[in-house]
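S.K.: Before I ask anything, here is the structure I am working with.
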Amino acid sequence: MCRRFMDSGKCEFEQTSGGRPCRYPHFVKTIGETRGHNGPIKDVVMWAERQQLFTCSADASIKLWDCATWQEITTISVQDALPPSANGSGNGRGEGGGRGGNRDKAPHTEGVVAMVLCGPFLFAGFEGRFPPNPKVSVGMVRGWNLENAQAPPFEFPASELMPFAHTMNVQALAVATDPTGNATLFSGSADGSIRYWQMDTATNQFKCRGVMEGHVRGVTRLKTFAVGGAPILASASVDSTIRLWDLATYQCVKVLSAEENGHTDAVMDLEFWVNNNETFLISGGLDCEIIVWGLTPPFQQLFKETQDSQVTSLCGTQDAAQAPILLIGMADGTISVKELPSFAYKTTLGANLNQGHQDAVRRIAIGPSNTFFSTGNDRKMIAWQITGDAASIQSK
């Protein structure tokens, strides 16, 4: 990779070589970077209509950025979210990997962990204080109507006697919309449970409509997709399993585990990928494995590959030639680029190699015009643009 091109979008060699091409690929360049959070950045969401970007952090805040200038527009302080602890970075696994433990001591602090945007609504999952005892942490969800900044935020109490969403930190969010446009919000917690929420039009409040149980350790990622016209939810967990849920019944239809040659450590991220009208699920975990699963019965493992570091994030996107590629974020701060469906290695992005993060990559999200955004434990959000085609890079 041409480091000068990655840094500025310009190659000094080609400008002064009299027409000779640079021998290093001009595949990707950085187009922006944000700094301002005081803790690891856990998630990033693009607000495409405004060309703006949300980031959330362990510092208990959500920041909105202008994608033209990469300047901060505003900060949403989640006042009852817990601020970061001294040991709150880690590899992305997060605290609360299971049930139990001593939760009466000074609580661990994950801050705002997950976000999802649905229409004009921004939802965030975070670790907040248990009202009767601030030394105990609970999981909370909050929503904002971005078109009505003066309106109070939506709260998500599990019940009148449980004025919070989950008994432990909320680590994952996802939204599914039915054909009539009605949305269901899913929240996954460190307590292993998944709750689903829908708007009660009579009260204009979100109500918990049910609980999906099965994971025995924390839920790390939720993804919704339609397979053959049927909506499904995929959930990843610290318990090393992936569960597939039928959203018509909210029942688990398959558990993808080590028994199916699956993961042996925490599953950190999921990505759906469609090839020739067939849908596949790609998963990555702290066992350093990338696994591809078929999503038609019997839901078999189709491919497995060991990476050089623990996998903390995944993102499927396209290169400049519209060919599919997979971006793999690692605990060592690097992002590996693989060609799909061959999984041929193309290049690696990282601060120690060229440009990138200096600590675990927490999330990678796609944007318009071949852009993507990565966040990390190094408190940075980096905006990238893919300018070349992966096929032009010699596979290793």
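The values are calculated or read from the model by the stated rules, or taken from the named source; none is laboratory data. All of these numbers come straight from a predicted model, not from anything done at the bench. Backbone-built Cβ (ideal geometry, glycine too); neighbour counts: all protein chains shown.
S.K.: For the range 44-52, does any single residue satisfy the condition of being of a type in the set (Lys, Arg), buried (at least 17 other Cβ atoms within 10 Å of the Cβ) and modelled with pLDDT of 60 or more? First the steps, then the outcome.
M.R.: Here is the first cut: in the range 44-52, the residues of a type in the set (Lys, Arg) are 50.
When the remaining residues are screened for being buried (at least 17 other Cβ atoms within 10 Å of the Cβ), the result is none.
Scanning the range 44-52 turns up no residue that is of a type in the set (Lys, Arg), buried (at least 17 other Cβ atoms within 10 Å of the Cβ) and modelled with pLDDT of 60 or more.
S.K.: Being aliphatic (A, V, I, L, M) and in contact with a Ser or Thr (Cβ under 9 Å, 6 or more places away or on another chain) is the filter; apply it to the range 200-222 and report the residue that is surrounded by the most Cβ atoms within 10 Å (Cβ to Cβ).
M.R.: Going through the range 200-222, the residues aliphatic (A, V, I, L, M) turn out to be 202, 211-212, 216, 219, 222.
Retained after the next criterion (residues that are in contact with a Ser or Thr (Cβ under 9 Å, 6 or more places away or on another chain)): 211-212, 216, 219, 222.
Working: Val211: 12, Met212: 20, Val216: 13, Val219: 28, Leu222: 25.
The extreme case among them is Val219.
S.K.: Sticking with this one: Quick check on my filter: what residues within the range 136-160 are surrounded by fewer than 21 Cβ atoms within 10 Å (Cβ to Cβ), of a type in the set (Gly, Ala, Ser) and assigned to a strand (DSSP E or B)? Show your work before the answer.
M.R.: Narrowing the range 136-160 to residues surrounded by fewer than 21 Cβ atoms within 10 Å (Cβ to Cβ): 136, 143-155, 157, 159-160.
Then drop every residue that is not of a type in the set (Gly, Ala, Ser), which leaves 143, 149, 151, 159.
Scanning the range 136-160 gives Gly143, Ser159.
S.K.: Name the strands (runs of 3 or more DSSP E) wholly inside the range 192-236 in which the number of residues that are acidic (Asp, Glu) is 1 or more.
M.R.: 194-200
S.K.: Could you list all residues from the range 25-60 that are among the hydroxyl-bearing types (Ser, Thr, Tyr) and over 26 Å from Thr220 (Cβ atoms)? I'd like the intermediate steps shown before the answer.
M.R.: Filtering the range 25-60 for residues among the hydroxyl-bearing types (Ser, Thr, Tyr) gives 30, 34, 55, 57.
Across the range 25-60, the qualifying residue is only Thr30.
S.K.: Exactly one of (1) within 21 Å of Ser57 (Cβ to Cβ); (2) modelled with pLDDT under 90; (3) not polar (S, T, N, Q) is unmet by Phe126. Its number?
M.R.: Evaluating Phe126 over (1) within 21 Å of Ser57 (Cβ to Cβ); (2) modelled with pLDDT under 90; (3) not polar (S, T, N, Q) leaves (2) as the failure.
S.K.: With Ala321, Ala344, Ala258, Ala331 as the choices, which residue is among the hydrophobic types (A, V, I, L, M, F, W, C), surrounded by fewer than 15 Cβ atoms within 10 Å (Cβ to Cβ) and within 27 Å of Ala390 (Cβ to Cβ)? Full working, then the answer.
M.R.: Numbers: Ala344 fails: surrounded by fewer than 15 Cβ atoms within 10 Å (Cβ to Cβ); Ala258 fails: within 27 Å of Ala390 (Cβ to Cβ); Ala331 fails: surrounded by fewer than 15 Cβ atoms within 10 Å (Cβ to Cβ).
Within the list Ala321, Ala344, Ala258, Ala331, the selection yields Ala321.
S.K.: If you don't mind, there's one more thing I want to ask. Which pairs do you get when a residue that is surrounded by fewer than 24 Cβ atoms within 10 Å (Cβ to Cβ), found in the range 364-376, comes within reach of a residue that is hydroxyl-bearing (Ser, Thr, Tyr) and not in a strand (DSSP E or B), reach meaning Cβ atoms under 9 angstrom, with the pair 6+ apart or on two chains?
M.R.: From residues that are surrounded by fewer than 24 Cβ atoms within 10 Å (Cβ to Cβ), the pairs are Asn370/Thr387.
S.K.: Filter the range 161-213 for residues that are among the β-branched types (Val, Ile, Thr) and either free of Cβ contacts under 8 Å to residues at least 12 places away in the same chain or at positive phi (or both) and give the result. Give the steps one after another, and end with the answer.
M.R.: Step one: list which residues in the range 161-213 are among the β-branched types (Val, Ile, Thr), which gives 167, 170, 175, 177, 180, 184, 194, 201, 203, 211.
Within the range 161-213, Thr180, Thr201, Thr203 meet the criteria.
S.K.: Also: Checking the structure you have, find out if any residue of the range 356-376 is more than 15 Å from the chain's Cα centre (by Cα) and of a type in the set (Phe, Trp, Tyr).
M.R.: Among the residues of the range 356-376, not one is more than 15 Å from the chain's Cα centre (by Cα) and of a type in the set (Phe, Trp, Tyr), which makes the answer no.
S.K.: Identify, please: which residue in the range 123-135 is part of a strand (DSSP E or B) and more than 13 Å from Val78 (Cα to Cα) and is, among those, nearest to the chain's Cα centre (by Cα)?
M.R.: Applying the first criterion (part of a strand (DSSP E or B)) to the range 123-135 yields 123-130, 133-135.
Now drop any that are not more than 13 Å from Val78 (Cα to Cα), which leaves 130, 133-135.
Details: Phe130: 26, Asn133: 31, Pro134: 28, Lys135: 28 Å.
The extreme case among them is Phe130.
S.K.: Hey, another quick one. Select, from Ala321, Ala331, Ala258, the only residue that is modelled with pLDDT of 95 or more, of a type in the set (Gly, Ala, Ser), assigned by TED's automatic domain parsing to the domain that holds Ile393 and on the phi < 0 side of the Ramachandran plot. Show your work before the answer.
M.R.: Working: Ala321 fails: modelled with pLDDT of 95 or more; Ala258 fails: assigned by TED's automatic domain parsing to the domain that holds Ile393.
Unique residue meeting the criteria: Ala331.
Yes/no matrix, rows are residues, columns are (1) assigned by TED's automatic domain parsing to the domain that holds Ser336; (2) buried (at least 22 other Cβ atoms within 10 Å of the Cβ); (3) under 29 Å from Lys346 (Cα atoms); (4) at pLDDT 95 or above:
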| site | (1), (2), (3), (4) |
| --- | --- |
| Ala230 | no, no, no, no |
| Tyr250 | no, no, no, yes |
| Phe272 | no, no, yes, yes |
| Thr279 | no, no, yes, no |
| Leu286 | no, yes, yes, yes |
| Gln300 | no, no, yes, no |
